[in-house]
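Below is one structure, written out as structure tokens; the observations come after it.
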Amino acid sequence: MKAIRVHEFGEPEVLRLEEVPQPQPAPGQVLVRMHAIGVNPVDTYIRAGTYPQKPATPYIPGNDGAGVVEQLGADVNGFKSGDRVYVAGSITGTYADYALCNTSQVHPLPANVSFARGAAMGTPYATAYRGLFQRAQAKPNETVLVHGASGGVGTAAVQLARARGLHVLGTAGTEHGRELAREQGAHHVFDHRAPDYLTQILNTTSGHGIDVIVELAAHVNLGKDLTILAPHGRIAVIGSRGRVEIDPREAMSRDADVRGMALPNTTAREKASIHAALVAGLENGTLRPVIGKEFKLSEAPEAHRAVMEPGAFGKIVLVPHGQRSEARSQRTEVRDQRSALT
């Protein structure tokens with residue numbers, strides 16, 4: 001099969017398309033033929049060698065994707081050959097024609113959901129759900145601010161919060177991104193590059209402040225976030241690219257919490273709860289992943305650059321060699337989304 005492999009950590013050029021043996025499922029495992037593969041910022045950190053946990057090289061990157069069950073190992077119940085699934089984690093890596101998974105890493109993909117949208121579920125939606133509901137314990141009727149609402153995790157957080165009955169505020173750095181956040185259900189959207197955007201946010205809450213903040217760029221915003229929290233407010237730190245200075249008094253005066261999270265820390269029971277909720281959201285249409293850009297598998301280096309670009313919106317996906325026709329509807333969908341936003 002074709003697969004992207006990394007032989008040494010470094011720049012995107014270390015992502016090489018190679019021919020490798022197709023894996024075979026052992027007992028309790030499922031082989032999935034990949035039709036779309038999710039690209040996440042964490043993939044770039046691992047590739048660059050800056051992530052705390054480093055895989056042994058050579059390795060196939062990727063945790064997310066969607067496709068069709070190709071083969072089942074012994075003792076596998078609940079799936080059959082030909083089932084449509086999305087993948088949230090993999091034994092062998094998802095940047096390939098086929099990915100070998102444990103059954104706990106494979107989840108039903110409803111017939112009304114495209115493979116590209118399925119590829120958006122594993123990391124972005126699970127991260128947003130865990131940050132909002134398992135870590136920040138967001139509740140209906142509370143006000144939530146998604147700080148960076150136009151990317152893959154941000155759009156997921158907006159949809160999840162709106163479906164749960166929260167009052168949703170979002171920020172984005174471009175008008176395109178702000179319109180996208182509105183389309184996903186944000187009640188109010190702000191330009192986080194505007195000098196007075198924090199005042200605008202507070203005015204929207206009549207001075208009460210924000211109950212929950214989903215923070216995707218803590219290295220820039222955490223100190224500011226503390227100044228707009230409501231009493232007993234919570235900040236879920238989902239993303240950060242460096243250090244930041246804060247004033248602890250801002251947290252003390254509000255009895256506020258800053259709660260970090262990393263998806264690998266999620267327990268098996270928590271993961272099962274997350275994906276049960278996500279599958280239900282796909283089935284009833286409240287969750288609608290936004291596909292931003294699509295690349296061929298051989299274009300993985302370009303995809304890694306794109307996922308880190310400022311102002312990127314929606315989910316970036318790779319399409320394996322020979323599966324391009326499976327994503328034609330997604331190219332049409334992307335054009336329709338762009339037309340709707342202009």
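The values are calculated or read from the model by the stated rules, or taken from the named source; none is laboratory data. Note that the coordinates shown come from a computational prediction; the quantities given were computed from them, not determined experimentally. All Cβ positions, even for glycine, are placed from backbone atoms using ideal geometry, and neighbour counts span all protein chains on display. Only protein heavy atoms, including side chains, enter the accessible area calculation; ligands, DNA and RNA are left aside. Shrake-Rupley method; radii C 1.70, N 1.55, O 1.52, S 1.80 Å.
Projected label points at Gln53 and Ser253, each 7 Å from Cα along the beta carbon direction, are separated by 4.0 nanometres.
Considering only DSSP beta bridges where both residues belong to the chain, give the percentage that are antiparallel (nearest 5). Each step should come with its number before you reach the end.
On the way: 31 of 59 bridges.
Percent antiparallel among DSSP bridges in the chain is about 55.
Run through the stretch 19-123 and list the chymotrypsin sites (Phe, Trp or Tyr not before Pro) located in a DSSP loop whose Cβ has at most 11 other Cβ atoms within 10 Å. Before the final figure, lay out each step's value.
On the way: sites: Tyr45, Tyr59, Phe79, Tyr86, Tyr95, Tyr98, Phe115; in loops: Phe79, Tyr95.
Of the chymotrypsin sites (Phe, Trp or Tyr not before Pro), not one in the loops of the stretch 19-123 has a Cβ with at most 11 other Cβ atoms within 10 Å.
Per the helix-only calculation at 222 nm, which mean residue ellipticity applies to the chain, given -39500 (n - 2.57) for every DSSP H run of n ≥ 4 and division by its residues, nearest 500 deg cm²/dmol? Please report the intermediate quantities before stating the final value.
Working: 11 runs with 98 residues, N = 342.
-8000 deg cm²/dmol, from helical runs alone.
The stretch 221-238 and the stretch 119-184 have Cα centres lying 15 Å from one another. Can you classify the stretch 36-165 as rounded, prolate or oblate using the Cα gyration tensor, where a ≥ b ≥ c are the square roots of its eigenvalues, rounded means a/c under 1.5, and otherwise it's prolate if a/b beats b/c and oblate if not? Oblate.
Under the shape rule built on the C-alpha gyration tensor, where the axes satisfy a ≥ b ≥ c, the stretch 109-200 is oblate, since a/c reaches at least 1.5 while a/b does not exceed b/c. Using a probe radius of 1.4 angstrom, the carbon and sulfur fraction of the accessible surface of the chain is 49%. Packing order of peptides 24-32, 263-271, highest average first: 24-32, 263-271 (average count of other Cβ atoms within 10 Å over each peptide's residues). Per residue, the chain exposes an accessible area of 43 Å² to a 1.4 Å probe, with every protein chain left in place. If you plug the beta carbon distance of His321 and Ser81 into 1/(1 + (r/R0)^6) with R0 = 25 Å, you get a FRET efficiency near 0.70. Restriction of the trypsin sites (Lys or Arg not before Pro) in the stretch 26-80 to DSSP coil positions whose beta-carbon has at most 12 other beta-carbons within 10 angstrom yields Lys80. Here the contact order of the stretch 38-147, divided by its residue count and restricted to Cα pairs under 8 Å and six or more residues apart, works out to 24 percent. Here the calculated FRET efficiency for His187 and Thr227, from their Cβ-Cβ distance with R0 = 22 Å, stands at 0.55, rounded to the nearest 0.05.
Less than 5 angstrom separates the built amide H of Ile291 from those of Lys315, all sequence-distant by 5 or more or on a different chain.
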